[in-house]
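The values are calculated or read from the model by the stated rules, or taken from the named source; none is laboratory data. Because the structure is a prediction, the values reported are computed rather than measured. Neighbour counts are summed over all protein chains in view; Cβ atoms, including those assigned to glycine, are modelled from backbone coordinates with ideal geometry. With ligands, DNA and RNA removed, areas are computed over all heavy atoms of the protein, side chains included. Shrake-Rupley method; radii C 1.70, N 1.55, O 1.52, S 1.80 Å.
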Amino acid sequence: NALGFDVAKDMLDTVSSNGVYTGEMFAEVLLKDERYLNHELLKPYREGKDRGDNPYVNFYWDYYSQGKPCYVEIQYLSLQETIQIINEHGGIAVLAHPGNNLKGKFELFDEMVKEGIQGVECFSSYHSEEVNKYFYEKAKEYNLLYTCGSDFHGEKKPSIEMGSYGLEKDGSEYINRFLKALEE
C-alpha cells in the first residue's frame with residue numbers, strides 16, 4: 001500500500017487457497033486490477049514490456065526479494081534442522097537450482113554437503129549449460145543424488161517450458177536413481 005496501491009485481504013483471497021500470500025500473488029492481483037492499468041510501477045510487467053515475460057515472478061524479484069521495498073525477513077531453520085525434518089518424514093534433502101540460490105557463491109555448496117544434503121538439482125532452467133555441468137560434476141564427486149527440473153509454474157512463469165531443464169538425455173537414468181534413493 002505504501003507504494004501507492006490499495007490491496008485488501010479479500011482481493012488476495014481470490015488467488016490464495018490457504019491464506020498465504022506471496023509476492024507473486026500481489027503481482028497477479030495488481031496486474032489484473034483495472035485501476036492500475038497505466039500505473040508506472042506496473043508498466044514493465046505488462047505483456048511485451050521488459051519484465052513481461054514472467055510478470056509475477058519478476059515482480060516478486062523486483063519488490064519482494066531481500067533488500068527490496070516489500071521484503072519481509074523470514075526466520076529460517078538451520079540447514080541441519082531442515083535436513084533432519086525432511087529425513088524424519090521420509091524425504092531426501094535436495095538443494096534446488098543452486099546456480100540461482102547460491103548467488104554465485106558456489107563454495108557454499110561444499111559446506112552444505114558437509115552439513116548433510118543428499119542431493120542437488122544439477123539441471124535447471126535457471127542454469128546455464130556450464131552451471132548444469134558444474135553441479136553435475138559436484139554431484140558425482142560427492143556421490144549425491146542429482147535431479148533436474150524446469151521450475152515450470154504454469155501461468156506464474158509463462159516463459160518456462162515444462163520439461164525444459166538442460167538435460168541432454170531422456171532423464172530415465174536420473175528418475176530411476178531418485179526412485180531407488182526414496183526406497184532406501
Fill in: Contacts under 7 angstrom Cβ, first residue in region 108-137 being in a loop (DSSP other than H, G, I, E, B), partner of a type in the set (D, E), 6 or more apart
S125/D151; Y126/D151
Item to complete: State whether the residues of region 50-62 include one that is farther than 30 Å from K133 by Cβ, open to solvent by 60 Å² or more (accessible area, probe 1.4 Å), in a helix (DSSP H, G or I) and of a type outside the set (D, E).
Response: no
Item to complete: Using the structure shown, decide if G90 is closer than 30 Å to K32 by Cα, small (G, A, S) and open to solvent by less than 90 Å² (accessible area, probe 1.4 Å).
Response: no
Response to the item:
Picked from region 97-116 (must be hydrophobic (A, V, I, L, M, F, W, C) and open to solvent by 40 Å² or more (accessible area, probe 1.4 Å)), the residue modelled with the highest pLDDT is L108
Discussion item. Here's a check for you: in region 1-44, which residue that is in a loop (DSSP other than H, G, I, E, B) and touching a residue at least 60 places away in the same chain (Cβ under 8 Å) is most open to solvent (accessible area, probe 1.4 Å)?
Written reply: A2
Practice prompt. Just one of (1) farther than 21 Å from K180 by Cα; (2) open to solvent by 40 Å² or more (accessible area, probe 1.4 Å); (3) at pLDDT 85 or above trips up E141, so point out which.
Written response: (1)
Worksheet item: What number of residues within region 74-104 are part of a loop (DSSP other than H, G, I, E, B), free of Cβ contacts under 8 Å to residues at least 40 places away in the same chain and within 17 Å of the chain's Cα centre (by Cα)?
Response: 6
